[in-house]
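Below: one structure, written as structure tokens.
The values are calculated or read from the model by the stated rules, or taken from the named source; none is laboratory data. On a predicted model such as this, the values are computed, not experimentally measured, just so you know. Cβ coordinates were reconstructed from backbone atoms using ideal geometry, including for glycine residues, and neighbour counts include every protein chain displayed. Side chains included, ligands, DNA and RNA excluded: accessible areas come from the protein's heavy atoms. Shrake-Rupley method; radii C 1.70, N 1.55, O 1.52, S 1.80 Å.
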Amino acid sequence: MQLTVEALQRWIINTNEKMQENKEYLSELDQAIGDGDHGHNMARGFQEVVNKIEDNSFEEAGSLFKQVAMTLISKVGGAAGPLYGTAFLKASEQWKEKTTIDQETFGKGIEAAIAGIKTRGKAKEGDKTMLDVWGPVHTYVTNQPLERENLKKTAKEAMEKTKEMKAKKGRAAYFGEKSIEHVDPGAYSSYLVFEALAGSITNEGDANG
């Protein structure tokens, strides 16, 4: 697998499209166990990101994702902005000065992103958060050849598992047992991020022009 900067840029643009398409549903999920604004926050934030990057040319991946990170941190309300922003900022440090990213380097970026999310959110896998998607995706990426349908399947199954979890972090934790039977909105938006990535690679794992 070799993801070019152009493919990575397209990944973020595709992510924005997913957020726009699903913003109402994301906010419905958040209404059940949160503030009810996750979808609209994510849609607004990623639209701001696209406004920043769409017409720009980035020579290497680090600067692209640093721009993505800083925009999300400054433009997305609630906990989502700092969490997603920190994730992409930490990933950008692993991808600095890379004009293409192979699977191993991509995995290192996701690993760094997860560490950032854990530090910022004081959460771990199993707490019913976005980590419950990012963790399994990292495991998949570091152990199997990256393939479009399997990546999407891994993220989707991980997201769906949060429905049976009891929330232990964030506003959802206040709902206790009532948080069970609801998919975590952060897990769903994370699924959309990786679904968008799956749309940016071919089955062979090459950047899809």
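Candidates L89, L64: the one that is more than 18 Å from W134 (Cβ to Cβ) and modelled with pLDDT of 95 or more is L64. Among (1) surrounded by fewer than 18 Cβ atoms within 10 Å (Cβ to Cβ); (2) under 22 Å from A123 (Cβ atoms); (3) modelled with pLDDT under 95, there is one condition S74 misses while meeting the rest; what is its number? The one condition S74 does not meet is (2). Each residue in region 45-60 was checked for being within 16 Å of the chain's Cα centre (by Cα) and surrounded by 18 or more Cβ atoms within 10 Å (Cβ to Cβ), and 4 of them qualify. Residues that are open to solvent by 10 Å² or more (accessible area, probe 1.4 Å) and more than 17 Å from the chain's Cα centre (by Cα) within region 1-28 comprise M1, Q2, T4, E6, E24, E28, listed in sequence order. Put simply, of K90, K96 the only residue that is of a type in the set (K, R) and under 30 Å from H182 (Cα atoms) is K90. Across region 123-139, the number of residues qualifying as open to solvent by 20 Å² or more (accessible area, probe 1.4 Å), touching a residue at least 24 places away in the same chain (Cβ under 8 Å) and part of a helix (DSSP H, G or I) comes to 1. Checking each residue in region 140-159 for being more than 22 Å from A7 (Cβ to Cβ) and surrounded by 14 or more Cβ atoms within 10 Å (Cβ to Cβ) picks out A158, M159.
Quick one: in region 175-209, of everything that is assigned to a loop (DSSP other than H, G, I, E, B) and at pLDDT 90 or above, which residue is nearest to W134 (Cα to Cα)? The selected residue is D184.
Tell me yes or no: at least one residue of region 144-153 is within 22 Å of L26 (Cβ to Cβ) and basic (K, R). Within region 144-153 (the criterion being within 22 Å of L26 (Cβ to Cβ) and basic (K, R)), the answer is yes, since at least one residue qualifies. Is there a residue in region 161-174 that is part of a helix (DSSP H, G or I), under 19 Å from I114 (Cβ atoms) and either without any contact (Cβ under 8 Å) to a residue 12 or more places away in the chain or open to solvent by 90 Å² or more (accessible area, probe 1.4 Å) (or both)? Yes; the residues of region 161-174 include at least one that is part of a helix (DSSP H, G or I), under 19 Å from I114 (Cβ atoms) and either without any contact (Cβ under 8 Å) to a residue 12 or more places away in the chain or open to solvent by 90 Å² or more (accessible area, probe 1.4 Å) (or both). Each residue in region 93-111 was checked for being buried (at least 20 other Cβ atoms within 10 Å of the Cβ) and under 18 Å from A187 (Cα atoms), and 1 pass. List the residue pairs whose Cβ atoms are under 8 Å apart, where the first residue sits in region 19-38 and is basic (K, R), the second is surrounded by fewer than 21 Cβ atoms within 10 Å (Cβ to Cβ) and modelled with pLDDT of 90 or more, and the two are 6 or more positions apart or on different chains. Listed by first residue and then by second, the contacts come to K23/H40.
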